[in-house]
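Student: Quick one: structure below, then a few questions.
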């Protein structure tokens, strides 16, 4: 079966507005991406010019990392930056250090390129399990933009590995970013790309490494009221059809993000770090856009007022909005998200986050000292148990499977 037919089969599984049958999508996407990669390998990589290589590596040194707790508004920030002519914005989460690094350690280096290439083909077809899909367009008998992306990645991968591999742990993501920029913007035109952008929630724990490896990077840290973040996280799990998520994991990620933000809020202003409050972004979008543009050294163009993915309008920024309009921000109050929390959930959030989020303009009702301490002890014990279980699962998965006689 050819790529066009496999693509049509995958498209039938990509329900609108949101994917519900994840297993069927995963199976169809895997078959399609492997077929695309095989065609690209047969065709071989394109020839890159010296000027393209020089321009690309100048951009490679200047990333923008968008991060924050899950459901804090990182996707909205990324999508507002998406269509600016000075930026090449990856339309799906990078997750290099939070996810892929662990997988790559368990693979032979010779298989890294195919593994990541196929994964990113799937992400370009279905970035976040909801419309819009097919961000590079659709394949036809005349050609496939996904084959071209894979071929371009084949060209950039060895160059990036040689130049950045010895000193940059995220070099595979850089290769992905250059291949994407090559396919969507190109490095031969007069259009002056200045930076590439990726967003990965919970990248806070890797900030020191990222800044050491990319001294010219810019960091956009997105925060949001903790009640809204927690409620939205729970709603996202329900939307996906999965059982209720682990409270400890959500709380742990939130605490890391708010603690980092609170710590930086009392330091002198930095040229490399900017804190973006989600509420400010909705209440004064134009002012927030100007502030981000100034920080990044780009013009605050009107295209930054509309969220897009590779220029395609993206849906509402609310997990609780059942009437999403692509390309429009949801400015309604988050009362539904706040009311979704139980008293127990509010107390847990207050016990773990009140001190840090108060410095960020999110005052939480204080708890009696003894109640707060008991909750903290219980939550920390849950974190330790979760960490042990996770390490045990990874240990078991890393053990070689015994072959039957």
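Student: Please specify each residue of segment 89-115 satisfying the condition of being more than 29 Å from residue 262 (Cβ to Cβ) and surrounded by 24 or more Cβ atoms within 10 Å (Cβ to Cβ).
Tutor: 91
Student: Right, here's the next one. Residues 69, 86: which one is under 27 Å from residue 261 (Cβ atoms), in the same structural domain as residue 35 (by TED's automatic domain parsing) and surrounded by fewer than 21 Cβ atoms within 10 Å (Cβ to Cβ)?
Tutor: Values: 69 fails: surrounded by fewer than 21 Cβ atoms within 10 Å (Cβ to Cβ).
Just one listed residue meets the conditions, 86.
Student: Given the conditions (1) modelled with pLDDT under 95; (2) in a loop (DSSP other than H, G, I, E, B), report the number of the one that residue 232 does not fulfil.
Tutor: (2)
Student: Identify, from the list 51, 38, the residue that is at pLDDT 95 or above, in a helix (DSSP H, G or I) and under 27 Å from residue 143 (Cβ atoms).
Tutor: 38
Student: Another question about this same structure. How many residues are part of a helix (DSSP H, G or I) and modelled with pLDDT of 95 or more if we restrict to segment 288-339? Walk me through it before giving the result.
Tutor: We begin by selecting, within segment 288-339, every residue part of a helix (DSSP H, G or I); these are 288-296, 302-305, 335-339.
Narrowing the set further to residues that are modelled with pLDDT of 95 or more leaves 288-296, 302-305.
Result for segment 288-339: 13.
Student: If you don't mind, there's one more thing I want to ask. Looking at (1) surrounded by 14 or more Cβ atoms within 10 Å (Cβ to Cβ); (2) touching a residue at least 40 places away in the same chain (Cβ under 8 Å); (3) closer than 30 Å to residue 168 by Cα, which is the only condition residue 297 fails?
Tutor: Among (1) surrounded by 14 or more Cβ atoms within 10 Å (Cβ to Cβ); (2) touching a residue at least 40 places away in the same chain (Cβ under 8 Å); (3) closer than 30 Å to residue 168 by Cα, the lone unmet condition for residue 297 is (1).
Student: Filter segment 359-372 down to residues that are in contact with a helix residue (DSSP H, G or I) (Cβ under 8 Å, 6 or more places away or on another chain) and part of a helix (DSSP H, G or I) and give me whichever is nearest to residue 69 (Cα to Cα).
Tutor: If we take residues in segment 359-372 being in contact with a helix residue (DSSP H, G or I) (Cβ under 8 Å, 6 or more places away or on another chain) and part of a helix (DSSP H, G or I), then 372 is nearest to residue 69 (Cα to Cα).
Student: In addition: Is there a residue being touching a strand residue (DSSP E or B) at 6+ places or on another chain (Cβ under 9 Å) and on the phi > 0 side of the Ramachandran plot anywhere in segment 67-77?
Tutor: Yes, there is a match, as at least one residue in segment 67-77 is touching a strand residue (DSSP E or B) at 6+ places or on another chain (Cβ under 9 Å) and on the phi > 0 side of the Ramachandran plot.
Student: Suppose we filter segment 157-183 for residues that are under 29 Å from residue 276 (Cα atoms) and surrounded by fewer than 18 Cβ atoms within 10 Å (Cβ to Cβ); how many remain?
Tutor: Residues in segment 157-183 being under 29 Å from residue 276 (Cα atoms) and surrounded by fewer than 18 Cβ atoms within 10 Å (Cβ to Cβ): 1 in total.
Student: For segment 277-288, give me each residue that is in contact with a helix residue (DSSP H, G or I) (Cβ under 6 Å, 6 or more places away or on another chain) and under 11 Å from residue 223 (Cβ atoms).
Tutor: Correct list: 280, 281.
Student: Can you name the residue in segment 363-379 that is under 30 Å from residue 279 (Cα atoms) and at pLDDT below 90 and is also nearest to the chain's Cα centre (by Cα) among such residues?
Tutor: For segment 363-379, the residue satisfying everything is 379.
Student: Please go through (1) assigned to a helix (DSSP H, G or I); (2) over 29 Å from residue 303 (Cβ atoms); (3) modelled with pLDDT of 95 or more for residue 23 and return the number of the only condition it doesn't satisfy.
Tutor: (3)
Student: Now for a different question. Kindly establish whether residue 20 is farther than 22 Å from residue 119 by Cα and surrounded by fewer than 15 Cβ atoms within 10 Å (Cβ to Cβ). Talk me through it step by step, then tell me what you get.
Tutor: Numbers: farther than 22 Å from residue 119 by Cα: no; surrounded by fewer than 15 Cβ atoms within 10 Å (Cβ to Cβ): yes.
No: the conditions fail for residue 20.
Student: On the basis of being surrounded by fewer than 18 Cβ atoms within 10 Å (Cβ to Cβ), modelled with pLDDT of 95 or more and assigned by TED's automatic domain parsing to the domain that holds residue 187, does residue 137 make the cut? Reasoning before the result, please.
Tutor: Working: surrounded by fewer than 18 Cβ atoms within 10 Å (Cβ to Cβ): yes; modelled with pLDDT of 95 or more: yes; assigned by TED's automatic domain parsing to the domain that holds residue 187: yes.
It is true that residue 137 is surrounded by fewer than 18 Cβ atoms within 10 Å (Cβ to Cβ), modelled with pLDDT of 95 or more and assigned by TED's automatic domain parsing to the domain that holds residue 187.
Student: State all residues of segment 124-134 that are outside any loop (DSSP other than H, G, I, E, B) and either surrounded by 21 or more Cβ atoms within 10 Å (Cβ to Cβ) or on the phi > 0 side of the Ramachandran plot (or both); if no residue qualifies, say none.
Tutor: Start the filter on segment 124-134 by keeping residues that are outside any loop (DSSP other than H, G, I, E, B), which leaves 124-125, 130.
Across segment 124-134, the qualifying residues are 124, 125.
Table: residues versus (1) in the same structural domain as residue 200 (by TED's automatic domain parsing); (2) farther than 17 Å from residue 295 by Cα; (3) free of Cβ contacts under 8 Å to residues at least 24 places away in the same chain; (4) in a loop (DSSP other than H, G, I, E, B).
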position: 65; (1), (2), (3), (4): yes, no, no, no
position: 77; (1), (2), (3), (4): yes, no, no, no
position: 93; (1), (2), (3), (4): yes, yes, no, yes
position: 97; (1), (2), (3), (4): yes, yes, no, no
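The values are calculated or read from the model by the stated rules, or taken from the named source; none is laboratory data. What you see is a predicted model; the values in this text were computed from it and never measured. Every residue, glycine among them, receives a Cβ derived from its backbone with ideal geometry; neighbour counts consider all protein chains shown.
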